[in-house]
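The structure appears below as structure tokens.
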Amino acid sequence: MSDTVTIIDNRTGKQVECPVIKGTYGPPVIDTNALYKELGMFTFDPGYASTASCRSAITYLDGEQGILQYRGYPIEQLAEHSNFLEVCYLLINGELPNKVQLDDWENSIKLYGMTHEHLSRFYNGYRYDAHPMSIMAGVVGAVASYYHDVTDIWDADSRLMTAKRVIGKIPSIASRCYRYEAGFPFVYPDNSRGYIENFMNMMFSRPSEKYQPSAIAIRALDLLFILHADHEQNASTSTVRMAGSAETNPFACIAAGIATLWGKAHGGANEAVILMLEEIAEPKNIQKFVNRAKDKNDPFRLMGFGHRVYKNHDPRATIIRQACHDLLDEMHLNLPMFEIAMELERIALEDDYFIERKLYPNVDFYSGLIYQALGIPSNMFTVMFTLARSAGWIAQWIELMEDKEFRIARPRQIYIGSEKRDFVPMDQRA
Ligand code: ACO
């Protein structure tokens with residue numbers, strides 16, 4: 001049997017043989033490259049639901065089976081044995097580092113942690129109540145100006161240095177978004193601390209007090225960053241690749257990814273969970289909201305439940321659920337919000353409506369709770385996602401630049417506007 005699919009134009013009888021490409025896993029893919037050349041036709045796939053936009057060796061996910069792997073390593077094993085910086089190395093370099101390579105990697109990320117002092121002035125241009133994601137997109141875009149001439153996107157060493165700069169600088173840039181709004185002075189990186197601890201110090205320390213985050217808080221954040229580091233060709237990652245395909249400065253590509261991640265349909269769901277829990281306000285209101293979620297005449301949905309791709313379980317949610325419970329137990333936080341969340345989780349896991357539709361709490365349900373427990377304001381949740389996902393974005397950008405099939409991304413369209421018509425002078429218009 002040949003590995004091709006025959007596409008026949010029934011109007012003309014013309015046909016084209018399209019090769020079928022197989023990856024390591026996943027459904028076979030029809031290579032439709034010849035379609036336009038042979039049949040003069042494009043394909044139409046709104047939202048790219050059936051389109052593979054690239055070949056990638058970075059992340060594999062199977063929504064039906066609940067599988068997520070980075071470079072072949074199951075997310076469960078990485079969550080148990082690895083840490084975020086090591087995962088960054090894996091995503092970018094393709095292999096786990098040995099001890100020397102990891103030490104080297106950690107040191108060089110630290111080396112790139114500082115930002116040019118002038119960059120701190122960018123924040124002052126924002127209004128006091130600017131959304132931190134708007135600041136993130138602007139400031140990361142501004143970093144492009146510092147490394148524009150010195151970045152050779154066609155040179156492997158230069159690309160690797162860019163990756164280190166992105167991962168090194170993003171915690172400082174992110175923490176400043178929060179501190180600018182809160183009115184706290186900016187904190188410089190402290191290289192005696194680990195990556196996550198250093199970020200937390202830049203977020204939460206005060207000049208007047210010593211600050212030391214708890215080991216369990218550091219671990220919870222580390223875990224969240226591992227789980228969010230990459231998720232193959234989602235909207236923001238595809239945006240980074242699309243921008244990169246135009247040979248754009250990589251920091252500008254990341255800024256474009258940040259803008260996309262900001263959207264409610266993408267990175268904004270964890271914030272929506274907290275807003276929903278605040279709206280529920282008291283445990284006695286839970287059932288009312290559950291009933292609303294089940295009512296077909298009510299558009300309300302339980303935020304943090306269900307997933308477009310993971311239809312059995314979200315492997316990230318399974319991992320983070322335990323960390324969330326551990327953190328809440330350890331911190332003895334008896335806020336009504338956490339009580340409501342745990343009760344909501346219990347009801348939804350036992351209720352036939354949710355069981356039949358496979359609506360389980362997703363990663364955003366728990367990540368929102370963890371961020372809340374750590375004292376991170378809800379408008380910073382998507383910034384936290386940005387911090388983690390930057391690793392995936394830069395790994396995907398590097399892969400794109402090394403791709404032998406590199407071409408500018410240029411989708412086509414079905415034009416549905418008016419036919420050609422003549423310009424109408426103003427005095428003759430209706
Ligand atoms: N609450 C109540 N009912 C729900 C929910 C929910 N959160 N999610 C889906 N349903 C119901 C739908 O009403 C539908 O019921 P029906 O079959 O009786 O009509 C059924 O479950 C299937 O829902 P779809 O809309 O077809 O599922 P889809 O895959 O299109 O949507 C989505 C997935 C968008 C995540 C949806 O579950 C949702 O809106 N969840 C809440 C928002 C959320 O948590 N988003 C974060 C996703 S995780 C992430 O992005 C990292």
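Coordinate-derived values only; no laboratory data. Worth saying up front: this structure is predicted, and the values here are computed from it rather than measured. In this analysis, Cβ positions are derived from the backbone assuming ideal geometry, glycine residues included, and neighbour counts consider all displayed protein chains.
With all projection directions averaged, the alpha carbon convex hull of region 102-251 covers 10.1 nm². In this structure, the pairs whose alpha-carbon distance is over 19 Å, taken from LYS110/LYS164; LYS264/LYS296; LYS164/LYS210; LYS99/LYS169, are LYS264/LYS296; LYS164/LYS210; LYS99/LYS169. Packing here is the average count of other Cβ atoms within 10 Å per residue, and on that basis the peptides 414-427, 368-381, 137-150, highest first, run 368-381, 137-150, 414-427. Note on region 60-129: the alpha carbon radius of gyration divided by the globular reference 2.2 N^0.38 Å gives 1.60.
How would region 378-430 be classified by its alpha-carbon gyration tensor: rounded, prolate or oblate, with rounded meaning a/c under 1.5 and the a/b versus b/c comparison settling the rest? The shape class here is oblate.
Once the mean of 1/r is taken over each pair of separate Cα atoms and inverted, region 66-185 shows a Kirkwood hydrodynamic radius of 16.2 Å. Using a Gaussian network model of the chain in which every pair of alpha carbons under 10 angstrom is joined by a spring, one finds that among ILE21, ILE274, ILE286 the greatest mean-square fluctuation is at ILE21.
Spread over its residues, the convex hull of the C-alpha atoms of region 142-184 is 62 Å³ per residue.
Applying both filters, DSSP loop and at most 11 other Cβ atoms within 10 Å, to the trypsin sites (Lys or Arg not before Pro) of region 264-332 gives LYS264, LYS296, ARG308. For the chain, the membrane-span-like helices by this rule, meaning whole DSSP H stretches whose C-alpha atoms cover at least 27 Å of axis and whose Kyte-Doolittle mean is 0.5 or above, are 381-402; this says nothing about an actual membrane. Here is how the number arises for the chain: DSSP H runs of 4 or more residues each give -39500 (n - 2.57), the sum is divided by the residue count, and the result at 222 nm is -16000 deg cm²/dmol. Cα extents for region 258-306 along the principal axes, largest to smallest and rounded to whole angstrom: 38, 24, 14. Working value for region 269-411: equivalent-ellipsoid semi-axes of 32, 20, 14 Å, each the square root of 5 times a Cα gyration tensor eigenvalue, largest first. Per-residue packing, averaged as other Cβ atoms within 10 Å, sorts the ranges 267-273, 184-190 into the order 267-273, 184-190, beginning with the highest. For region 56-100, the C-alpha radius of gyration sits at 1.15 times the compact-globule guess of 2.2 N^0.38 Å, with N the residue count. By the compact-protein rule of thumb, 2.2 N^0.38 Å, the alpha-carbon radius of gyration of the chain corresponds to a ratio of 1.08.
When peptides 31-41, 396-406 are sorted by average Cβ neighbour count within 10 Å, with the highest value leading, the order is 396-406, 31-41. The trypsin sites (Lys or Arg not before Pro) of region 100-175 that meet both conditions, a loop assignment by DSSP and at most 15 other Cβ atoms within 10 Å of the site Cβ, are ARG127.
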